[in-house]
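The values are calculated or read from the model by the stated rules, or taken from the named source; none is laboratory data. All values reported here derive from a predicted model rather than from experimental measurement. Glycine also receives a Cβ, built like all others from the backbone with ideal geometry; neighbour counts cover every protein chain displayed.
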Amino acid sequence: MPALEMAQETGKLISWRKKEGDNVSKGEPLLEIETDKAIVEIEAPADGILAGVAAQEGAVIPVGETIAWIIRAGEAVPAKSAAAFGASVTPEPTRFANAAVEMIPEATRPTATRLSPKARRLAREAGLDVSRLRGSGPSGAVLAADIQAISKKASPDFETLSSIGRIMAERTTQSWTSIPHFFVVRQVDASGLIAAREGLKSKAEFAAVHLTHTDLLVALVARVLEKHPRLNASWAEGNIRRNREINVAVAIAVDDAVVAPVIHHANSLSLGQISGHLHALTERARANRLRPEDISGATFTISNLGMYQVDAFSAIINPPQAAILAVGAINDRVIPIDGQPAIRPMMTFTLSCDHRVVDGARAATFLRDLVSSL
């Protein structure tokens with residue numbers, strides 16, 4: 001079970017793309033894993049034969065456990081590893097309370113229960129006594145999913161979230177409560193953005209491309225970030241880390257969660273390349289076919305709710321990023337031009353910043369330059 005995120009403890013096996021005994025080639029799709037961000041497609045790491053499949057679809061498995069082997073023809077699967085794996089596979093978190101977590105009898109209570117750091121925190125917040133719990137992890141270790149299942153109320157008034165939705169709730173709570181957010185807002189005349197999109201759509205190179213305002217914003221933001229490295233930095237281990245790459249993520253709604261696939265090296269891509277990448281990422285996100293590289297390495301995020309006719313909103317930062325840009329709808333408004341009322345297509349930018357990395361002046365100058373580029 002691969003670790004695709006730093007805080008990941010388990011992964012849910014969604015499907016095998018190959019079956020036991022099939023020949024596999026390095027780089028071809030092998031299985032699908034659900035993480036806290038998305039369902040991602042895992043490629044085969046080597047050529048060979050898929051064997052010793054020890055995990056079934058739907059299983060929630062601790063990171064690092066062996067779930068299958070890729071072997072040479074005639075090679076045997078190590079019996080010890082295959083036999084030891086069965087106890088590590090756990091059912092869905094919604095069934096933990098009945099299946100994966102058991103109470104240890106008083107007479108055989110261990111001196112200390114093994115808890116993951118996240119499970120320990122959740123247990124403390126829920127006021128649970130875990131001294132007699134045996135969890136679903138290796139050797140009975142109690143995982144975060146175990147605690148969540150125990151503390152969840154069995155009531156029809158509660159909706160069960162997917163693992164992506166549940167972890168998104170945890171991450172946004174962690175971000176909001178641990179990052180000192182502040183917000184800078186600008187009203188923007190979108191005339192230039194609209195004119196640029198319409199003008200580019202008529203060019204031959206964009207004839208087969210559905211060019212969007214978001215495509216243009218990604219290109220502009222990436223280029224403005226080159227002049228404002230603090231907005232592209234991260235807070236890490238008590239210090240400011242400057243990221244060498246400019247990788248712009250775009251928030252996309254899927255089912256009961258939001259994912260943010262990444263356009264890597266966005267500052268060095270053409271507008272046509274950005275549009276093509278973003279279209280492909282959006283299709284994969286909505287089909288639950290994102291790959292690990294699609295959701296990793298973001299240094300800045302754009303969240304655009306203009307298509308939902310939202311005038312303005314404030315977005316929560318995706319750590320360890322230092323900022324996120326929230327984009328509202330384009331609407332005609334009356335504004336003063338040379339002392340006279342005029343109608344212009346206006347939109348609102350709201351920049352959320354981590355005050356440990358970015359101060360007000362840096363945020364303001366970034367927005368000023370972004371508006372000027374528009």
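Descriptive notes on the structure:
- Applying the set (1) surrounded by fewer than 17 Cβ atoms within 10 Å (Cβ to Cβ); (2) under 28 Å from residue 318 (Cβ atoms) to residue 10 leaves exactly one unmet item: (1).
- Failed condition for residue 182, given (1) at pLDDT 70 or above; (2) surrounded by 13 or more Cβ atoms within 10 Å (Cβ to Cβ); (3) outside any strand (DSSP E or B): (3)
- Scope the stretch 248-270; condition touching a residue at least 60 places away in the same chain (Cβ under 8 Å) and in contact with a Phe, Trp or Tyr (Cβ under 8 Å, 6 or more places away or on another chain); matching residues: 249
- Scanning the stretch 337-374 for residues that are of a type in the set (Lys, Arg) and over 18 Å from residue 242 (Cα atoms) yields a total of 2.
- Residues satisfying the stated conditions in the stretch 338-363, i.e. assigned to a loop (DSSP other than H, G, I, E, B) and surrounded by 12 or more Cβ atoms within 10 Å (Cβ to Cβ): 355, 356, 357, 358, 359
- Taken as a whole, the condition of being assigned to a strand (DSSP E or B), modelled with pLDDT of 85 or more and touching an Asp or Glu at 6+ places or on another chain (Cβ under 7 Å) does not apply to residue 31.
- All positions within the stretch 282-314 that are assigned to a loop (DSSP other than H, G, I, E, B), of a type in the set (A, V, I, L, M) and loosely packed, with under 14 Cβ neighbours inside 10 Å: 287
- Test result for residue 165, at positive phi and either modelled with pLDDT under 80 or of a type in the set (Asp, Glu) (or both): no
- Residue in the stretch 199-214 that is surrounded by 14 or more Cβ atoms within 10 Å (Cβ to Cβ), outside any loop (DSSP other than H, G, I, E, B) and of a type in the set (Lys, Arg) present: no
- Pairs where the first residue, in the stretch 327-346, is under 14 Å from residue 186 (Cβ atoms) and without any contact (Cβ under 8 Å) to a residue 24 or more places away in the chain and the second is surrounded by 12 or more Cβ atoms within 10 Å (Cβ to Cβ) and of a type in the set (Val, Ile, Thr), C-beta under 8 Å, 6+ apart: 328/310; 328/348; 328/350
- Enumeration of residues in the stretch 315-337 that are in a loop (DSSP other than H, G, I, E, B) and either touching a Pro at 6+ places or on another chain (Cβ under 9 Å) or among the charged types (D, E, K, R) (or both): 330
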